[in-house]
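The values are calculated or read from the model by the stated rules, or taken from the named source; none is laboratory data. Quick caveat, the model's predicted, so the values are computed rather than measured. Note: ideal-geometry Cβ built from the backbone for every residue, glycine included; neighbour counts use all protein chains shown.
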């Protein structure tokens, strides 16, 4: 029993540091001490009838007035029932059991909250890990896209250079084609001129032959002996 009381005392001391007291109304209150049940009577004495026989240890009562004999106190229950109770059952503070129960309830609440926080923390860790993976994947994709963009720029630069070279070659081809057309035309003209020249030469030679055929016989000297005949 002493160990239990010591435990209660320790818990009360600890709870006084960790748990703030509840704000009460202006009414002064009293509590049932650490007993099982106490009776609430209609008057100051055991001869008066019991109004409520189930007031449990730790029950909160509203203080109304002190009795004439100093042994009884008039109180009001949470249900609004007024009556008298012996002072030996009353204290002006919560019982150790009540504080213990509150501390245990608060501890259970804190444990549950801690468990929820642990679960949330694990979820956040998982989410963070997933985000890190996505970030790493995004970085890799970005690097790949940058490399592909660099290649595209290189190919584009090469394509532009090839297009420029193609344009230059096409212009040269057109120029050479034009020059070839000019040379072909000049060659055809020369061939035509040569044909005309050959025809002129042929006609000239033919005419010269005809002239010589008529002129040369006339130029031969006549035979002198023909006159004596």
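Quick notes on this one:
- Test: residue in region 97-105 that is surrounded by 11 or more Cβ atoms within 10 Å (Cβ to Cβ), part of a helix (DSSP H, G or I) and in contact with a strand residue (DSSP E or B) (Cβ under 8 Å, 6 or more places away or on another chain): yes
- Residue list for region 44-82, filter: closer than 21 Å to residue 98 by Cβ, over 60 Å from the mean Cα position of the chain (by Cα) and either loosely packed, with under 13 Cβ neighbours inside 10 Å or at pLDDT 90 or above (or both): 53, 54, 63, 73, 75, 76, 81
- Some residue of region 51-73 being under 13 Å from residue 40 (Cα atoms) and touching a residue at least 60 places away in the same chain (Cβ under 8 Å): no
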